[in-house]
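Following: one structure in structure tokens, then a few remarks.
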Amino acid sequence: MPIIGIVTKDYVSEENHDISIVYKDIEKSIIKNNGIPIGITLNYDYKRIIDICDGIIFQGGDEFLKYDFDALKYVYETNKPTLGICLGMQLMGIFFGGTMIDVSNHKSVSKYSHKVKINRNSLLYKIFNSDYIDVNSRHNSVILDTDLNISAISLDGYIEAIEDDNKKFFIGVQWHPENMTEYDDIQNRLFKYFVDVCR
């Protein structure tokens, strides 16, 4: 079973303790597709931990830290299969020449918030096999441009997914597929394909 490293996010507990977190739905989505999830705290020698992983996930959150960019550079250079989710996708987009702006209409608690159009020439299209998919939406910022390939856009014209077809798997999505895998088989295909590539 492939080992999937999830880059943890720094957080402060209710008791005011500094902790590192992994979102449980990401763990569950990996396990559902026969992967082994482990958290990667970048405050340590993160390259040694990344080296034992078969794939890496950059999860959502509120802000980038310098070591997020350092880790992304390392996984890209070593061609480690990489999935970016929400802030993780924005990290990828900015690292590769992108800019970001705030938006006010892309945050919702609905299971399905809007549709995105998939680029037929993308790996994402191969995974989903659909021109349009329904997604959730919980972000306050969007990527305006990037040097990576744009593989999906929202119907109001914002970038929703990016990828690099020179890599085994290097995809970022703006939505949260990990929150949808229990009720949406299409979204689960992304995790299944990712874990299978990591084998």
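Where a number appears in this text, it was derived from the coordinates with a stated rule and is not lab data. Keep in mind that what you see is a predicted model, and the values were worked out from it rather than measured. Glycine also receives a Cβ, built like all others from the backbone with ideal geometry; neighbour counts cover every protein chain displayed.
Below is a table of values for the structure above.
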read-out: Residue satisfying condition, being more than 19 Å from residue 71 (Cα to Cα) and within 13 Å of the chain's Cα centre (by Cα), within set 191, 128; value: 191
read-out: Strands (runs of 3 or more DSSP E) wholly inside the range 96-199 containing at least 1 residues that are farther than 18 Å from residue 86 by Cβ and of a type in the set (Ser, Thr, Tyr); value: 132-135
read-out: Output for the range 46-65, where each listed residue is farther than 18 Å from residue 198 by Cβ and of a type in the set (Gly, Ala, Ser); value: 60, 61
read-out: Given (1) crowded, with 19+ Cβ neighbours inside 10 Å; (2) of a type in the set (Gly, Ala, Ser); (3) out of contact with any Phe, Trp or Tyr (no Cβ under 8 Å at 6 or more places or on another chain), number of the condition residue 13 does not satisfy; value: (1)
read-out: Candidate set from the range 3-25 (those that are touching a Leu at 6+ places or on another chain (Cβ under 9 Å) and hydrophobic (A, V, I, L, M, F, W, C)); member that is farthest from residue 44 (Cα to Cα); value: 4
read-out: Unmet criterion (only one of (1) touching a Phe, Trp or Tyr at 6+ places or on another chain (Cβ under 9 Å); (2) of a type outside the set (Lys, Arg); (3) touching a residue at least 40 places away in the same chain (Cβ under 8 Å)) for residue 137; value: (3)
read-out: Looking only at the range 22-38, and only at residues there that are under 16 Å from the mean Cα position of the chain (by Cα) and without any contact (Cβ under 8 Å) to a residue 60 or more places away in the chain, the one that is farthest from residue 53 (Cα to Cα); value: 24
read-out: Meets criteria (of a type in the set (A, V, I, L, M, F, W, C), under 24 Å from residue 142 (Cα atoms) and under 18 Å from the mean Cα position of the chain (by Cα)) for residue 56; value: yes
read-out: Top-ranked residue in the range 59-90 [being farther than 18 Å from residue 103 by Cβ and aliphatic (A, V, I, L, M); ranked as nearest to the chain's Cα centre (by Cα)]; value: 83
read-out: Residues (of a type outside the set (Val, Ile, Thr) and in contact with a Lys or Arg (Cβ under 6 Å, 6 or more places away or on another chain)) located in the range 89-127; value: 107
read-out: Number of the exception - residue 75 against (1) in contact with a strand residue (DSSP E or B) (Cβ under 7 Å, 6 or more places away or on another chain); (2) free of Cβ contacts under 8 Å to residues at least 40 places away in the same chain; (3) farther than 16 Å from residue 3 by Cβ; value: (3)
read-out: Failed condition for residue 90, given (1) of a type in the set (S, T, N, Q); (2) farther than 23 Å from residue 179 by Cβ; (3) part of a helix (DSSP H, G or I); value: (2)
